[in-house]
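The values are calculated or read from the model by the stated rules, or taken from the named source; none is laboratory data. All figures in this text were calculated on a predicted structure; none of them were measured in a lab. Cβ placement follows ideal geometry from the backbone for every residue including glycine, while neighbour counts extend to all protein chains displayed. These area figures cover heavy atoms from the full protein model, side chains too; ligands, DNA and RNA do not enter into them. Shrake-Rupley method; radii C 1.70, N 1.55, O 1.52, S 1.80 Å.
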Amino acid sequence: MSSLKDVCSGLPLDPLPPNQGRDPKVPHAPMRTPNLTAQEERLALRNALRYFPTSHHAALAPEFAQELRQHGHIYMYRFCPTIAMRAYPIDQYPCRTRQAASLMLMIMNNLDPAVAQFPQELVTYGGNGQVFSNWAQFRLVMHYLSEMTEEQTLVMYSGHPMGLFPSLPSSPRAIITNGMVIPNYSSRDQYEKMFALGVSMYGQMTAGSYCYIGPQGIVHGTMLTMLNAGRRYLGSGDLAGRVFVTSGLGGMSGAQAKASVIAGCIGVIAEVDEAPLKKRYEQGWVMEITSSTEHCIKRIREAKNSKTSLSLGYHGNVVNLWERLLLEYEKTGDLLVDLGSDQTSLHNPFKGGYYPVQLGFHQAQQLMSTDPCSFRTMVQESLKRQVNAINKLADAGMFFWDYGNAFLLEAQRAGAEVEKVNGGATEFRYPSYVQHIMGDIFSLGFGPFRWVCTSGDPQDLAVTDDIAATVLEKISANVTDLMRQQYDDNIRWIREAGKHRMVVGSQARILYSDQQGRVSIALALNQAIADGTVSAPVVISRDHHDVSGTDSPFRETSNVYDGSAFCADMAVQNFVGDAFRGATWVALHNGGGVGWGEVMNGGFGLLLDGSEEAARRASLMLNWDVSNGVARRCWSGNSNAYETIQRSMEENRQLRVTMPFPVKDERILDHALQG
């Protein structure tokens, strides 16, 4: 087994490592079908070989060609390191600067088999959320980071390390872009070709920005969504005896089972792939598993009657589950589901993100590669069946929302009945969870703030949990009632986080906080590092799915109604602004959540090392990172954002935001347009 020193030594060339092929003990990505021409195959092979001296081309070319034809991509399995891939304590990384070491730690966490969905294909989550395009890129990046000084910046082009370039100590140590394709060529089919050629990459959100912290990251957001859905749709945040039905137990969707229990409801989650279902069960995130819809009905009734929290994993297609729930309603008049959603990876519907009900799991995998056209037709037929059952249950009183995975968008494209009468471009029969639940929370400045204890010590994480809770409790005494509810939810979350055993991979934590909370927590953590209360530096970050980080008209900005929902200025400005305000690294991506060509999003990582410089960077950057999005949401007409940015300007006289003057008399518009 290799060491961190070996991993950071660059490409092993003398001799070449043995080609071990694919590890049968870990899950693997479905075969890609880029449909390359003969000339494009030659180009893909030529592009892959340029990472290696010409003396190795004759040996590597045949196996790379085989990978391309067998898997639809050249992953370079020969160069997959034998080291146990995980987040090692920061002091173990061979490097010249801790900023570089923090990047190395976060990269290896994203590829940890306990964290990553398809670790050997360098996919962290979402079916195709890549950290890198191939293993040569991983090894070169680790080598560059081990040699980097604080006057250099690593430049990343869609997984490819362009190199180390001279910069300032105040500059980011890494600038990452993924999928920056000319808009007219940003289609799914073009993407498959560009990825196969090795020239572009889909980084999802926190996969390609090295900031994923395992499914814990979405457990919290899902719990908050469910609590606020209960308040909005059911009139109470007490979800005892209430039933939530959804699908997906993979990388991100795996959080749904755990979140259901924490929120106090009965969660029934369908999953077609037995591997992630068993994984979540063994982790304790799913309490029970079954392959019988009859057993699902039985356990739902029992748990409803006793008002017992339950997470039940159904091994089967979610369409069968929805249709069985509908049959039960039609037979007995009993509506056994209160809340419904879906978290299949419909940003990638025809490449393994969604499995049609007409086929078994392995049949579907085979058909998607041998007959993509037939597979596409089956997916769309399956979506129509799923929506038909959901519509009838919703008519009976169930509340359904789109979870930002492009479910309604793809259902619409399939011809399912999801149109909203007189709806806008981003509106469907059912709301997205941003439109009805989380959008106003974003407009208050609340979003998924997270940190990673680089010591790898659980005790450090426990200390930081207590620091964060104490900070929030102090702030919450002097906020509005609307904000206090959000503070109370998050204080409860962080006080109970340890007992829920949510750490998978790095010693990390997430909570939703507003601008004041994020800055205050970061400064308190930095001080704890300075005085030794926390034993090693802490990386702070956030999900790209946040107040300012993402322009996504069918998710994060779906509640922006001034016509700018399809504009991406906010995400790009955020990426640039974070870079020169102190971030250790920044990333900007095409795609993420709802898919390639549908969204622009960005994120950051910032290393807190206990220094005054780190405190200054954190304060400046985090204030911008939230205010940017709140200002944009204010300008679009959101009243929560208007009040939030007003308070921010009162607290910081250097902040001056252009405020809107809303039209209060619609008759003025009528008169002007009629004239």
How much of the DSSP beta bridge set in the stretch 207-344 is antiparallel, as a percent to the nearest 5?
0
Carbon-plus-sulfur fraction of the accessible area of the chain, 1.4 Å probe, in percent?
51
Ranked by accessible surface with a 1.4 Å probe, highest first, in what order do LEU36, LEU620, LEU145 come?
LEU620, LEU36, LEU145
Please go through the stretch 565-602 and write out the chymotrypsin sites (Phe, Trp or Tyr not before Pro) that DSSP classes as loop and that have at most 16 other C-beta atoms within 10 Å.
PHE566
Inverse mean reciprocal Cα-Cα distance (Kirkwood Rh) of the stretch 125-192, Å
13.4
Sort out for me the Cα centre separation of the stretch 581-638 from the stretch 505-540, rounded to whole Å.
16
Charges at C-beta only: +1 for Lys and Arg, -1 for Asp and Glu. How large is the resulting dipole of the chain about its Cα centre, in Debye rounded to 20?
540
Most to least packed among 530-537, 73-80, 642-649 [average Cβ atoms within 10 Å]
73-80, 642-649, 530-537
Mind checking which of ALA468, ILE266, ALA240 is farthest towards the positive end of the chain's charge dipole, using Cβ charges of +1 (Lys, Arg) and -1 (Asp, Glu) about the Cα centre?
ILE266
Between the stretch 361-389 and the stretch 181-221, what's the alpha-carbon centroid distance in Å?
23
Helix-only mean residue ellipticity at 222 nm, the chain, DSSP H runs n ≥ 4 weighted -39,500 (n - 2.57), per residue, nearest 500. What is it?
-13500 deg cm²/dmol
For the stretch 1-111, the charge dipole (Cβ of Lys, Arg +1; Cβ of Asp, Glu -1; about the Cα centre) points to a positive end, and the Cα of ALA48, PRO17, GLN99 closest to that extreme belongs to GLN99
Considering only protein heavy atoms, what is the solvent-accessible area of LEU45 at a probe of 1.4 Å, reported in Å² to the nearest 10?
40
Can you say what percent of the DSSP beta bridges in the stretch 127-227, counting only those with both residues inside, are antiparallel? Round to 5.
60
Sorted from largest to smallest, which semi-axis lengths in Å does the alpha carbon gyration tensor of the chain give for its equivalent ellipsoid, taking the root of 5 times each eigenvalue?
36, 32, 25
Antiparallel bridge percentage (DSSP; both residues within the chain; nearest 5)
55
Can you pull out the trypsin sites (Lys or Arg not before Pro) in the stretch 369-431 that DSSP calls coil and that have at most 15 other Cβ atoms within 10 Å?
LYS420
Going highest first, how would you order 127-136, 553-562 by mean Cβ packing within 10 Å?
127-136, 553-562
So for each of 193-206, 300-313 I average, over its residues, the number of other beta carbons within 10 Å; can you give me the resulting order with the highest mean first?
193-206, 300-313
Taking R0 as 41 Å and r as the Cβ-Cβ distance between ARG653 and GLU496, the FRET efficiency 1/(1 + (r/R0)^6), rounded to the nearest 0.05, comes to 0.60
